[in-house]
Every structure is written in C-alpha cells, then in structure tokens.
Amino acid sequence: MRHVKRRVGGQTVELRAGAVYVGGVVLGRPKFDRYHYSDDPRYRFGVEPVEMPDGMLFVLGDNSKESFDSRFWGFVDVRRVIGVPFPRVWPLHRFGPIRP
C-alpha cells in the first residue's frame with residue numbers, strides 16, 4: 001500500500017466519481033489526487049457509503065485499478081497492523097521519511 005489514508009472508525013467512507021469521501025467530505029489533499037476505481041463488480045466495500053466499525057481501517061492500494069484492497073476484502077482490524085510506515089523508496093526523487 002502506498003498511501004496511509006487515515007483511520008475512519010465510526011465514519012462513513014465512500015468512493016464516488018473516483019474520489020474518496022469520508023463523512024461526506026471529499027479528501028482533497030495531494031496524496032488523494034488520483035482516480036480511485038469503484039466499478040469492478042468484485043468490489044463490495046466503499047462503492048456505496050459504508051460505516052466503518054470502530055477499531056478498523058479502510059485501506060487502498062496505490063495501483064487503484066489493479067489493487068485488491070478494502071474495496072475487495074473489507075476492513076482491517078487496527079490490532080493486525082504490526083508497524084508504521086517510515087521510508088519512501090519510490091519514486092526515487094521522493095526518497096525519504098513519510099510525513100503525515
């Protein structure tokens with residue numbers, strides 16, 4: 001996963017027209033400036049508004065058209081996360097620490 005989107009437990013998440021909405025508000029920071037696909041019939045989560053359970057994460061892969069992520073297999077329990085992202089190694093011109 002390239003992007004650490006955010007925790008949204010208790011909020012509604014939806015992909016609409018390629019954008020990510022949390023609580024009805026589009027996430028517009030540059031890290032979200034990409035088209036997030038939701039038209040694959042295998043995607044079951046986030047293609048319509050869905051409330052995130054507390055303590056869960058909704059994760060999206062960096063290759064949105066080909067990623068099988070939370071749109072496909074659902075939510076991730078935050079207790080299953082065993083680390084935090086630190087370095088970015090690609091693309092090389094952006095090599096370095098990841099900042100929130």
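The residues packed around residue 37, meaning those with a beta-carbon under 13 Å from its beta-carbon, carry a net charge of 0 if Lys and Arg are +1 and Asp and Glu are -1.
Only helical DSSP H runs with n ≥ 4 go in: add -39500 (n - 2.57) per run for the chain, normalise by residue count and round the 222 nm mean residue ellipticity to 500 deg cm²/dmol. Present the calculation step by step, with values, prior to reporting the outcome.
Numbers: 1 runs with 4 residues, N = 100.
Using -39500 (n - 2.57) per qualifying helix, the result is -500 deg cm²/dmol.
Mean separation of Cα pairs under 8 Å and 6+ residues apart, divided by the residue count of region 12-79: what relative contact order is that in percent? Provide the component values of the computation, followed by the final result.
Details: 108 pairs, mean separation 20.3, N = 68.
Averaging sequence separation for qualifying contacts and normalising by length gives 30 percent for region 12-79.
Scoring 79-92, 44-57 by mean Cβ neighbours within 10 Å over their residues and listing the highest first yields 44-57, 79-92.
FYI, it's all coordinate maths here, none of it is from the lab. These numbers come from a predicted model, not from an experiment. Counting neighbours? That spans all protein chains shown, and the Cβs are built from the backbone with ideal geometry, glycine included.
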